[in-house]
1. Looking only at segment 107-137, how many residues end up being of a type outside the set (D, E, K, R), farther than 22 Å from Thr19 by Cβ and part of a loop (DSSP other than H, G, I, E, B)?
2. Considering only segment 62-81, I want to know if a residue exists there that is at pLDDT 95 or above and not small (Gly, Ala, Ser).
3. Can you find a residue that is modelled with pLDDT of 90 or more, buried (at least 17 other Cβ atoms within 10 Å of the Cβ), in contact with a helix residue (DSSP H, G or I) (Cβ under 8 Å, 6 or more places away or on another chain) and within 22 Å of Val113 (Cα to Cα) anywhere in segment 11-21?
4. Just to verify a result, which residue in segment 82-106, among those that are out of contact with any helix residue (DSSP H, G or I) (no Cβ under 6 Å at 6 or more places or on another chain) and assigned to a helix (DSSP H, G or I), is nearest to Asp6 (Cα to Cα)?
5. In segment 86-127, which residue that is of a type in the set (Asp, Glu) and at pLDDT 90 or above is surrounded by the fewest Cβ atoms within 10 Å (Cβ to Cβ)?
Amino acid sequence: MLQPGDVITLNGDLGAGKTCFAGGVARGLGINERITSPTFTLINEYDGPLPLYHLDVYRLESPEELEDLGYEEYFYGSGVTLIEWAEQVEQYLPAERLDIFIEKHSEDDNIRVLRFIARGTRYNELAEELVQNDRSGH
C-alpha cells in the first residue's frame with residue numbers, strides 16, 4: 001500500500017515496538033534484511049523494490065540537526081520514510097503524513113494498541129485501506 005515519498009511517524013515509549021513495527025513494514029516492502037534500531041546511526045537505509053529509510057531522532061540534541069542529515073532527501077525521495085521519536089522534530093515533518101502511536105496494552109504486556117492519525121488525503125486513504133485489511137478483527 002505504501003508509495004514513494006510516504007512519511008510515517010512511529011511514536012511510543014521505549015520498548016513499545018516501534019522498531020518491530022518497522023520490521024513489519026520492511027517485510028511488506030519485500031526487504032528481507034534484519035531491521036535494527038538506528039538509535040546510534042540515526043538513519044538506516046534498506047534497499048528493496050521500494051527503499052526504506054528508517055530514522056531515529058531520539059539522540060538529536062536539537063531539531064535543527066535534522067538539516068545536517070539531509071532529511072529532505074528522505075522525506076521527499078523515492079522511498080518510504082519511517083521516523084521514530086518524530087515529535088522531537090515536529091517543525092520539519094511534512095504536513096501530510098501518517099502518525100502511528102504504539103502503546104502497550106494496560107493489562108497484557110504482549111499486546112499493543114495502535115492509533116493512526118492521517119494528515120492529508122493520501123494518508124486518509126491509506127489509513128482506511130489499513131483498517132479494511134486488518135485481519136485481527138479489531
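The values are calculated or read from the model by the stated rules, or taken from the named source; none is laboratory data. These numbers come from a predicted model, not from an experiment. Please note: Cβ atoms are built from the backbone with ideal geometry, for glycine as well, and neighbour counts cover all protein chains shown.
1. Of the residues in segment 107-137, the ones of a type outside the set (D, E, K, R) are 110-111, 113-114, 116-118, 120-121, 123-124, 126-127, 130-133, 136-137.
Add one more test, that the residue is farther than 22 Å from Thr19 by Cβ, and what stays is 118, 120-121, 124, 131-133, 137.
Pick out the ones that are also part of a loop (DSSP other than H, G, I, E, B) and you get 120, 133, 137.
Result for segment 107-137: 3.
2. Taking segment 62-81 first, the residues at pLDDT 95 or above are 79-81.
After this cut, where a residue has to be not small (Gly, Ala, Ser) as well, the list is 80-81.
So far as segment 62-81 goes, yes, one or more of its residues are at pLDDT 95 or above and not small (Gly, Ala, Ser).
3. yes
4. Ala86
5. Glu90
Let's see how each residue does on (1) touching a residue at least 60 places away in the same chain (Cβ under 8 Å); (2) in contact with a Pro (Cβ under 8 Å, 6 or more places away or on another chain); (3) farther than 25 Å from Gln3 by Cβ:
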| residue | (1), (2), (3) |
| --- | --- |
| Pro38 | no, no, no |
| Asp47 | no, no, no |
| Leu50 | no, yes, no |
| Leu66 | no, no, no |
| Glu72 | no, no, no |
| Phe75 | yes, yes, no |
| Val80 | yes, yes, no |
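A quick yes/no check of all residues on (1) out of contact with any Ser or Thr (no Cβ under 6 Å at 6 or more places or on another chain); (2) surrounded by fewer than 14 Cβ atoms within 10 Å (Cβ to Cβ); (3) assigned to a helix (DSSP H, G or I):
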position	(1), (2), (3)
Gly23	yes, no, yes
Arg27	yes, yes, yes
Glu33	yes, yes, no
Ser37	no, no, no
Phe40	yes, yes, no
Pro49	yes, yes, no
Leu55	yes, no, no
Ser62	yes, yes, no
